Amino acid sequence: MPISDCRKVSYSPAYTIVPTYECFNRCSYCNFRTDPGKSSWLTLAEAENKLRKLQSQNVCEILILSGEVHPNSSRRESWFQKIYELCELALCWGFLPHTNVGPLSFPEMKALKQVNVSMGLMLEQLTPQLLQTVHRQAPSKMPQLRLQQLEWAGKLGIPFTTGLLLGIGETEENCWETLEAIAKLHSCYGHIQEVILQPYSPGSQQNWNAPAFIPEQLPKVIAQTRKILPKEITLQIPPNLVPEPEWLLACVEAGARDLGGIGPKDEVNPDYPHPHLQRLREILEPAGWQLVPRLPVYSQYDSWLPSRLQGALNHWRTERLSILRNMS
């Protein structure tokens, strides 16, 4: 099939930098966190060494992903400063930062807008019942606190990614209610560029004994999500968590059009390696889908960015993205 006739599925050539794995939350299903004080923080010198090595590796997005330091902690200011400086460093090395580090204050979000082309925060599920189960020891998973982040992002004009975690004790109706809340906020601000549908997948570090979300249910969830959300919001699924080719294709056919950031390691789900791009092409192309790289901000939001970031983005749009496409 000629490329012009192919339908497109996008992904972001990405690399994840973690300032710290320590987190004051204790989500039962987490395979990412360590206890506060039990792991060292990434230094700027270490980060710069990582970025230097990425110069020749066809990466555009630097995902800043971090465990959370309590808002009232004496270390909160230094934690936030570290995140800001890592974003600055990524920009200086020619990459495009996207930050997802948990709930932030309004001033923190406003500051990070200056050094991020987009930001994100998973809603997971808005049902308060989960505060009695998997989120019992996770104060920052309070539904209204996380929903407030999406509203602030809208007020600040930040292109935003959010999503649902499926299979953590919610009902179908809980999912639809969470999606409707996202749609309502987007109708006010128009700032939600992507919604991730992430199936819960058991890992080796968690302390919760529950079965994985059944991949066969994903196409149905995607189809219903597509009915609830405005068409301009892209649906994303992580291909490492949907490893069976038939179900990955079924998800795409149902309305998922993005595979998220693909890099050396999924820090949130370290037991599930990202598939190689060639393997994804072997699955998608025979069915008429073309796998294409994208930037961490969708083009309709380019004008929302501060002038400095628009300059960096223009460089990618006019020169470097075409190189990625030719090499992918």
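Descriptive notes on the structure:
- Charge tally in the Cβ shell below 14 Å around Asn31, where Lys, Arg are +1 and Asp, Glu are -1, Asn31 excluded: 0
- Remark: relative contact order (the range 75-217) = 21 percent; criterion is Cα-Cα distance under 8 angstrom and separation of 6 or more residues.
- Think of it as helices only: each DSSP H run of n ≥ 4 in the chain is worth -39500 (n - 2.57), and spread over all residues that comes to -10500 deg cm²/dmol at 222 nm.
- Distance between the range 90-138 and the range 1-67 - C-alpha centres, whole angstrom: 13 Å
- When Rg and the Kirkwood radius Rh are both evaluated on Cα atoms of the range 131-270, their ratio Rg/Rh stands at 0.95.
- Segment Ala223-Ala287, length gained on full extension (0.36 nm per residue, minus Cα span): 21.2 nm
- The mean sequence separation of alpha-carbon pairs under 8 Å and at least six residues apart, normalised by the residue count of the range 1-91, gives a relative contact order of 37 percent.
- Relative packing of peptides 109-119, 72-82 - highest average C-beta neighbours within 10 Å first: 109-119, 72-82
- Lys pairs, the chain - Cα-Cα below 18 angstrom, 8 or more residues apart or on other chains: 13
- Sequence ranges 61-67, 50-56, ranked by mean other-Cβ count within 10 angstrom, highest first: 61-67, 50-56
- Neighbour cut-off at most 12 other Cβ (10 Å), DSSP loop, trypsin sites (Lys or Arg not before Pro), the range 176-262: Lys231
- Positive end of the dipole of the chain (Cβ unit charges, origin at the Cα centre): among Pro264, Leu277, Ser307, the Cα lying farthest that way belongs to Ser307.
- Note on Arg75 and Glu267: the model spin-label points, each 7 Å out from Cα along the C-beta direction, lie 1.5 nm apart.
- For Ile196, distant residues with modelled amide H under 5 Å away: Thr162, Gly163, Leu164, Gln236
- The chain: relative contact order as a whole-number percent, Cα under 8 Å and 6+ apart: 23 percent
- Simple point charges give the picture: +1 on the Cβ of Lys and Arg, -1 on the Cβ of Asp and Glu, and for the range 81-239 a dipole about the Cα centre of about 180 debye.
- The chain, dipole about Cα centre (Lys/Arg Cβ +1, Asp/Glu Cβ -1), debye to the nearest 20: 600 debye
- Gain on full extension, evaluated as 0.36 nm per residue between Asn207 and Arg320 minus their Cα-Cα distance, stands at 36.4 nm.
- 14 Å beta-carbon shell around Ala212, net charge (K/R +1, D/E -1): -3
Each value in this text was obtained by applying a stated rule to the coordinates, not by laboratory testing. Just so you know, these numbers come straight off a predicted model, no measurement behind them. Here the Cβ is made from the backbone with ideal geometry for all residues, glycine too, and neighbour counts use every protein chain on show.
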